[in-house]
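Novice: Sharing a structure here in structure tokens format.
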Amino acid sequence: MSPRIGIGAVALLILAAAASCGSSVESITTIPTQPSQSTADTTSLRTYAARRSVFVGSAIDRGFRYAGSDGVTFRSTMARQFNMLTAENDMKHDRIHPGRDTYRFDSADSLVTFAESNGMRVRGHTLVFHNQLASWLTSGTWSKDEAKALLVDHITKVVSHYRGRVAEWDVANEVLGDNGALRSGFWLDRIGPEYVELAFRTARAADPTAGLYYNDYNIEGINAKSDSAYAFVRDLMARGVPITGVGFESHFQVGGVPSSLAANIARFAALGLKVHITELDVRIQLPSTAAQLQTQAQNYRDVVSACLSSPACDTVVFWGFTDRESWIPSTFPGWGDALLFDSVYQPKPAFTSVQSSLK
Ligand code: XIL
């Protein structure tokens with residue numbers, strides 16, 4: 001951050017021309033100003049992102065629907081700071097497809113409409129996932145062919161509904177386990193490994209231009225799981241499966257950003273794929289200290305810089321933006337303070353470092 005020097009007094013020369021009587025009047029006014037109280041850069045993240053043609057986004061969920069001033073603050077911060085939006089939960093199977101013949105698009109539609117009226121791109125999250133599946137699906141008894149038909153119906157209906165409005169989909173979410181093999185779950189268990197390919201091909205048939213992504217965690221650095229992910233997507237490509245890119249979720253612990261992140265982005269990019277940072281947050285064990293918040297700021301800077309260092313990476317999405325609304329405290333008890341704004345929407349050191357990384 002470059003400090004701005006406060007100017008103690010500025011003399012303003014105001015020339016007023018009075019033309020009415022054919023003569024001119026000159027007045028000199030000196031306006032004393034206070035020294036600048038703040039060096040804060042008030043330029044939004046999306047302003048800097050747009051200048052370099054990249055996308056900076058946030059996932060949102062219930063904060064969007066808050067009534068009264070809570071909701072106003074949440075929505076206006078979202079619209080002011082970000083040019084991309086991900087539905088944190090509203091497009092997941094259980095929310096959008098609550099009965100076998102029932103699709104409920106209203107919540108997700110309101111997010112997409114909000115994004116459109118605020119000039120934001122939308123990431124669709126997510127089409128196949130082992131979690132958050134509707135109970136009518138998981139409790140049913142289905143043959144392999146029935147399960148395939150259910151997958152095709154779900155993806156076709158959802159992707160067609162948002163065709164031309166959702167720019168990119170997480171088609172396959174967290175499909176690899178920590179051992180690098182396909183993760184056991186409803187779709188793998190009922191259909192077998194071909195379900196991933198079926199999902200991508202079905203999504204492509206329903207929207208010929210949307211970006212189609214494989215999204216996962218613990219694949220951000222070069223490690224055994226990302227080696228498997230690399231082989232997995234290379235194999236999909238070799239078989240002509242329509243995949244656009246890979247999403248690195250990027251749920252980190254403070255101090256835990258892998259040093260190989262940029263090199264890992266580069267190797268996926270070398271396959272001809274895009275790489276997006278899709279769910280970034282940096283959690284801290286509570287109570288957080290000032291030193292940890294500074295480390296967190298450096299971690300955010302490192303991730304944004306690693307992404308932007310590759311032409312294949314033009315998108316960074318945070319998994320929320322205010323510590324008031326984050327999945328971390330309930331999922332990782334004792335941890336929190338993971339996002340860019342604190343719980344009363346004050347920008348944290350992490351916000352300033354993301355801002356300067358986007359410049
Ligand atoms: C999480 C949401 O943030 C929570 O609100 C929900 O209860 C569970 O799912 N990886 C993903 C996301 O791909 O879908 C998860 O979102 C976080 C981890």
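The values are calculated or read from the model by the stated rules, or taken from the named source; none is laboratory data. These numbers were taken from a predicted model, which means no experiment stands behind them. Methodologically, a virtual Cβ is constructed for each residue, glycine included, from the backbone with ideal geometry; neighbour enumeration extends over all protein chains shown. Only protein heavy atoms, including side chains, enter the accessible area calculation; ligands, DNA and RNA are left aside. Shrake-Rupley method; radii C 1.70, N 1.55, O 1.52, S 1.80 Å.
Novice: Taking the stretch 55-92 as the region of interest, how many residues are away from the ligand (no atom under 16 Å from the Cβ) and either polar (S, T, N, Q) or open to solvent by 10 Å² or more (accessible area, probe 1.4 Å) (or both)?
Specialist: Total satisfying the criteria: 14.
Novice: If I go through the stretch 253-278 residue by residue, how many of them are open to solvent by 10 Å² or more (accessible area, probe 1.4 Å) and farther than 12 Å from Ser310 by Cβ?
Specialist: Looking only at that region, the number is 10.
Novice: I'd like the residue in the stretch 292-315 that is open to solvent by 10 Å² or more (accessible area, probe 1.4 Å) and in a loop (DSSP other than H, G, I, E, B) and, out of all such residues, is nearest to Glu279 (Cα to Cα).
Specialist: Residue satisfying both the conditions and the ranking: Asp314.
Novice: Of the residues Ser228, Ser259, which is assigned to a loop (DSSP other than H, G, I, E, B) and either more than 14 Å from the ligand (Cβ to nearest atom) or at pLDDT 95 or above (or both)? Give the steps one after another, and end with the answer.
Specialist: Working: Ser228 fails: assigned to a loop (DSSP other than H, G, I, E, B).
The match here is Ser259.
Novice: A follow-up question, please. Suppose we filter the stretch 280-291 for residues that are buried (at least 17 other Cβ atoms within 10 Å of the Cβ) and either closer than 18 Å to Asn223 by Cβ or hydrophobic (A, V, I, L, M, F, W, C) (or both); how many remain?
Specialist: Of the residues in that region, 3 qualify.
Novice: Here's something else I'd like to know. Quick check: anything in the stretch 315-324 of a type in the set (Ser, Thr, Tyr) and away from the ligand (no atom under 16 Å from the Cβ)? Outline the logic, then answer.
Specialist: Within the stretch 315-324, the first condition is being of a type in the set (Ser, Thr, Tyr), and the residues that meet it are 315, 322.
Then keep just the ones that are away from the ligand (no atom under 16 Å from the Cβ); that gives none.
Within the stretch 315-324, none of the residues are of a type in the set (Ser, Thr, Tyr) and away from the ligand (no atom under 16 Å from the Cβ).
Novice: Follow-up. Scan the stretch 192-221 residue by residue and report those that are of a type outside the set (Phe, Trp, Tyr), surrounded by 16 or more Cβ atoms within 10 Å (Cβ to Cβ) and closer than 20 Å to Cys313 by Cα.
Specialist: Ala210, Gly211, Leu212, Asn215, Asp216, Asn218, Ile219, Glu220, Gly221
Novice: So, one more: Which residue, of Arg52, Arg95, is at pLDDT 95 or above and exposed (fewer than 15 other Cβ atoms within 10 Å of the Cβ)?
Specialist: Arg52
Novice: It is to be established whether one or more residues within the stretch 316-325 are of a type outside the set (D, E, K, R) and open to solvent by 30 Å² or more (accessible area, probe 1.4 Å).
Specialist: No; the residues of the stretch 316-325 include none that is of a type outside the set (D, E, K, R) and open to solvent by 30 Å² or more (accessible area, probe 1.4 Å).
Novice: Which residues, counting only those in the stretch 99-112, are closer than 17 Å to Thr156 by Cα and either open to solvent by less than 50 Å² (accessible area, probe 1.4 Å) or of a type in the set (Phe, Trp, Tyr) (or both)? Explain how you work it out, then say what you get.
Specialist: Taking the stretch 99-112 and keeping what is closer than 17 Å to Thr156 by Cα, we get 99-105, 108-109.
The answer is Gly99, Tyr103, Phe105, Ala108, Asp109.
Novice: Of (1) over 25 Å from Ala87 (Cα atoms); (2) open to solvent by 20 Å² or more (accessible area, probe 1.4 Å); (3) among the small types (Gly, Ala, Ser), Ser160 satisfies all except one. Which?
Specialist: Failing condition for Ser160: (1).
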